[in-house]
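Notes for the one structure printed next.
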Amino acid sequence: MAKKKKIAAEVIAQDVIAEGIMDLRLKTDLAEDANPGQFIGIYPKNKSTLLPRPISICGYDKNEGTLRIVYRIAGSGTAEFALYRPGNHVDILGILGNGFPTDKAQGKRVLIIGGGIGVPPLLGLAKELKEGLGENFAEDITMVMGYRNSETFLADEFRNYGNLFIATEDGSVGTKGNVIDACRENKIEADVIFSCGPMPMLRGVAAYAKEISAKAYISLEERMACGVGACLGCICKTKNVDEHSHVNNARICTDGPVFDADDLEL
């Protein structure tokens with residue numbers, strides 16, 4: 001595992017891609033260590049804020065040394081990030097967490113399910129799978145993404161990597177309802193599922209995986225503080241005893257954020 005580093009990254013682009021959703025590109029040597037499902041911590045410049053904000057990696061280019069971060073403005077820290085412009089520098093900590101086990105997709109029918117701000121990290125996963133495994137799938141990659149409304153950010157990019165189905169809460173695009181409604185409506189089956197999104201959605205994904213006899217790997221979105229496993233602020237319940245805390249807990253930031261759904265008490 002690559003050693004975590006705090007480093008100054010250069011902002012090379014930032015755009016608004018939906019209401020309150022920002023697309024930030026950073027130039028940094030940390031890109032060479034990135035894998036799908038991992039994250040970085042971004043430090044606000046406000047010195048009264050001690051801890052970095054954990055944000056999932058949407059994409060990366062190891063040759064050009066760039067990271068892509070798509071995030072929602074949710075508080076003072078992310079509101080500050082939204083003001084960054086090309087040429088600005090920002091301190092980041094990375095690369096953090098354990099990502100998706102892409103090797104589990106070999107020879108399998110793959111289903112990628114995302115919801116809300118859990119959608120962005122799955123774009124890098126879809127790209128990595130398509131470019132890394134190419135034709136080594138039982139079928140083309142199937143993706144189901146859930147949104148609140150017609151602002152289906154990143155959807156056009158997902159279509160480059162497989163078959164995309166969309167669910168919206170208001171029914172403005174695709175299936176009216178949630179991602180599991182869309183899976184059932186389109187009779188989607190798979191051997192392995194990769195997913196990221198809010199906990200109620202992930203519970204539904206885990207249940208659907210059992211329903212269709214698939215293996216599920218899910219990325220948890222719990223709030224984090226330190227991002228490096230020291231504070232025990234981002235704990236999830238597991239079926240196995242954690243060696244660090246000696247109870248049935250796991251630290252999402254270091255043991256995850258991606259877990260085998262069968263190992264969790266959801």
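Every number here is computed from the coordinates shown, using simple stated rules; none is lab data. Every value quoted in this text rests on a predicted model; they were computed, and no experiment measured them. When we count neighbours, we look across all protein chains shown, and the Cβ atoms used for this are built from the backbone with ideal geometry, even at glycine.
Spin-label point model (7 Å from Cα, Cβ direction): what's the residue 17 to residue 45 distance in nm?
So the two model labels end up 2.4 nm from each other.
Which FRET efficiency value, to the nearest 0.05, is calculated for residue 207 and residue 89 with the Förster distance at 41 angstrom and r the Cβ-Cβ distance?
Numbers: r = 45 Å, r/R0 = 1.09.
With a Förster radius of 41 Å, E is 0.35.
What are the residues whose amide H is under 5 Å from the amide H of residue 216, where those residues sit 5 or more places off or on another chain and H is modelled from the backbone?
Placed amide hydrogens put 193, 261, 262 under 5 Å from residue 216.
Would you mind checking which residues have amide H under 5 Å from residue 164's amide H? H placed 1.01 Å from N; only 5 or more apart, or other chain.
143
What are the residues whose amide H is under 5 Å from the amide H of residue 146, where those residues sit 5 or more places off or on another chain and H is modelled from the backbone?
Those lying under 5 Å, H to H, from residue 146 are 114, 115, 116, 167.
If I take R0 = 51 Å and measure r between the Cβ atoms of residue 104 and residue 79 in this structure, what FRET efficiency does the formula 1/(1 + (r/R0)^6) give, to the nearest 0.05?
Details: r = 38 Å, r/R0 = 0.74.
Efficiency computed from Cβ-Cβ geometry: 0.85.
Starting from the Cα of residue 32, step 7 Å toward the Cβ, then list every residue of the stretch 43-65 with an amide N under 14 Å from that point.
Taking a point 7 Å out along Cα→Cβ of residue 32, the residues of the stretch 43-65 whose backbone N falls under 14 Å are 61-65.
Taking θ = phi - 60°, what integer Hz values does the Karplus form 6.51 cos²θ - 1.76 cosθ + 1.60 yield along the stretch 198-210, in sequence order, with x for Gly and Pro?
With the stated coefficients, the stretch 198-210 comes to x, 4, x, 5, 5, 4, x, 5, 4, 5, 5, 4, 5 Hz.
Size of the dipole of the stretch 102-221 about the Cα centre, Lys and Arg at +1 and Asp and Glu at -1 on the beta carbon, nothing else charged, in debye to 20?
Details: 13 positive and 17 negative charges, 64 e Å.
Computed charge dipole of the stretch 102-221: roughly 300 debye.
With a Cα-only, solvent-free Debye model of the stretch 102-221, what are the log10 I(q)/I(0) values at q = 0.09 Å⁻¹?
-0.20
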